[in-house]
Amino acid sequence: MHVQVYLALLVCCSLYAAVRGGLPERIGVAILLAAVLASALMPLVRFTGFQAVEVGILAIDFAMLVGIVILSLFAQRYWPMWMAAVLLNTVVTHLLKLTPTLWPTSYFLAYAAWSYPNPIILAVAAWRHRARVKRYGEDPPWSRGLPAGA
């Protein structure tokens, strides 16, 4: 049930952000969807059932964290910083499994719980983007002198 709820949330929020968001939101959607697809394929390669650190999923989550942090350096938005904070919590959750007393169920539940905020952050970001465009007539996507179309 958890997977179906998350996928429904992911699809709805990603579609909304892709259609209504600016370029930073669309890049965020691409990063999130790429990570979800890669995570879905990871059990085919190596999966421990959360008995040990899921190294492949940790690598995917860390790559997503790096991508969002890079996006936050250039995007004139606050949401990438929020998403980076959530992703940092996800990465730390993986590292907690290095303690021998963490039960696999606790590891899985903590990992799953940190998955839900990301699509919601993207949907809210797209909604805020539209509100700024409506109010100010524009919402520049990039800071630090990047061209508007880049």
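The values are calculated or read from the model by the stated rules, or taken from the named source; none is laboratory data. These numbers were taken from a predicted model, which means no experiment stands behind them. For neighbour counting, all protein chains shown are included, and Cβ atoms are generated from backbone atoms with ideal geometry for every residue, glycine included. Ligands, DNA and RNA are stripped out before the accessible areas are found, and what is left, the full protein with its side chains, is counted by its heavy atoms. Shrake-Rupley method; radii C 1.70, N 1.55, O 1.52, S 1.80 Å.
Within region 6-34, work out how many residues are open to solvent by 80 Å² or more (accessible area, probe 1.4 Å) and of a type in the set (D, E, K, R).
2
Here is a list of conditions, (1) out of contact with any helix residue (DSSP H, G or I) (no Cβ under 6 Å at 6 or more places or on another chain); (2) open to solvent by 60 Å² or more (accessible area, probe 1.4 Å), and F62 meets all of them except one; can you say which number that is?
(1)
Please identify the pairs in which a residue from region 1-16 that is farther than 19 Å from R128 by Cα has its Cβ atom under 7 Å from the Cβ atom of a residue that is of a type in the set (G, A, S) and assigned to a helix (DSSP H, G or I), counting only partners at least 6 apart or on another chain.
Hits for this filter: H2/A112.
I need the full set of residues from region 26-48 which are in contact with a Pro (Cβ under 9 Å, 6 or more places away or on another chain) and not aliphatic (A, V, I, L, M), in order please.
G28, T48
Before we move on, is E54 open to solvent by less than 10 Å² (accessible area, probe 1.4 Å) and either over 18 Å from I120 (Cβ atoms) or among the basic types (K, R) (or both)?
yes
Suppose the filter is open to solvent by 30 Å² or more (accessible area, probe 1.4 Å), in contact (Cβ under 8 Å) with a residue 12 or more places away in the chain and in a helix (DSSP H, G or I); does Y111 pass it?
Spelling it out, Y111 is indeed open to solvent by 30 Å² or more (accessible area, probe 1.4 Å), in contact (Cβ under 8 Å) with a residue 12 or more places away in the chain and in a helix (DSSP H, G or I).
Which residues, counting only those in region 108-140, are modelled with pLDDT under 95 and in contact with a helix residue (DSSP H, G or I) (Cβ under 7 Å, 6 or more places away or on another chain)?
Result: A110, Y111, A112, W114, S115, D139.
Looking at (1) among the hydrophobic types (A, V, I, L, M, F, W, C); (2) under 25 Å from Y16 (Cβ atoms); (3) at pLDDT 95 or above, can you tell me which one V91 breaks?
Of everything listed in (1) among the hydrophobic types (A, V, I, L, M, F, W, C); (2) under 25 Å from Y16 (Cβ atoms); (3) at pLDDT 95 or above, V91 misses just condition (2).
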